[in-house]
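Asks: Would you mind keeping the following structure in view while I ask a few things?
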Amino acid sequence: KLVPKSAAADAPTRRWTIPVAYGGAHGLDLEDVARAHGLSSGEVIALHSGAEYRVFMIGFSPGLSYLGGLPERLHTPRRTSPRLKVPPSSVAIGGIQAAVFSVEIPSGWHLLGRTPENLFDLRRAQPFLLGAGDRVRFVPISHAEYERLAAVTERGEVVAECEAGA
């Protein structure tokens, strides 16, 4: 028996480009992930930002985006000691997936960076920025650019770029 296509299957795919400040205070686990894989932090950033991800689902907390497409070279078991507080907008990896956190929650995922974008904002008509099926690419930015863009998102503006696809 065939399952009928849903309306979502016919919806155009959106492609997002999301800025990320990697490492330092924004990505506490970047160096550990690099060391675990015998890579430099720059190579981890290049691999992570060079991939295109697909939003598998939004869940667990409002707007938390689970992403498929993490390069195999970056597959990393979750932390043995989870953090009690992961900052909102953290960009992380765990197992074979990547994620972007939307609100502060506990997690055992490895923090690579942080985006100034708000993935969950009740001021918007659509509070969740991303949706299941969307495509995502990350673009590295400096920590100074992160601060500048974070001020823009605090005003309710979206700094990620979106392109509607087919």
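The values are calculated or read from the model by the stated rules, or taken from the named source; none is laboratory data. The structure presented is a predicted model; accordingly, all values stated were derived computationally and were not measured. For neighbour counting, all protein chains shown are included, and Cβ atoms are generated from backbone atoms with ideal geometry for every residue, glycine included. What goes into the accessible areas is simple: the full protein's heavy atoms, side chains included, and nothing from ligands, DNA or RNA. Shrake-Rupley method; radii C 1.70, N 1.55, O 1.52, S 1.80 Å.
Asks: With the chain treated as a Gaussian network of Cα nodes joined by springs under 10 Å, which of P88, P12, P127 yields the largest mean-square fluctuation?
Replies: P12
Asks: Taking the Cα of T80, stepping 7 Å toward and past its beta carbon, and measuring to each backbone N in the stretch 16-48: which are under 16 Å?
Replies: Only 32-33, 36-37 pass the distance filter.
Asks: Hey, how many Å between the Cα centroid of the stretch 17-73 and the Cα centroid of the stretch 89-124?
Replies: 10
Asks: Next question. Compute the normalised compactness of the stretch 27-166: alpha-carbon radius of gyration over 2.2 N^0.38 Å, N being the residue count.
Replies: In units of the 2.2 N^0.38 Å rule of thumb, it is 1.00.
Asks: Hey, another quick one. In a solvent-free Debye calculation with one equal scatterer on each Cα, what is log10 I(q)/I(0) for the stretch 92-166 at q = 0.27 Å⁻¹, listed in the order of the q values?
Replies: -1.51
Asks: Once amide H atoms are built 1.01 Å from N in the peptide plane, which residues 5 or more positions from N118, or in another chain, come under 5 Å H to H?
Replies: Residues meeting the criterion, in which the H sits 1.01 Å from N, are V159.
Asks: In the stretch 1-157, what % of DSSP beta bridges are antiparallel (nearest 5)?
Replies: 75
Asks: Give, to the nearest whole percent, the P(r) tail of the stretch 24-100 beyond 22 angstrom, counting all Cα pairs.
Replies: 19
Asks: On the protein heavy atoms, probe 1.4 angstrom, tell me the percent of accessible surface of the stretch 55-166 carried by carbon and sulfur.
Replies: Result for the stretch 55-166: 57 percent of the exposed heavy-atom area is carbon or sulfur.
Asks: Compare the peptides 99-107, 134-142 by average per-residue count of other Cβ atoms within 10 angstrom and give them in order, highest first.
Replies: Top to bottom by mean Cβ count within 10 Å: 99-107, 134-142.
Asks: I would also like to ask the following. Rounded to a whole number of µm²/s, how large is the Stokes-Einstein D of the stretch 66-123 at 4 °C and 1.567 mPa s, given Rh as the Kirkwood radius over C-alpha pairs?
Replies: 111
Asks: Using the heavy atoms of the protein chains alone and a 1.4 angstrom probe, what is the accessible area of the chain per residue in square angstrom?
Replies: 52
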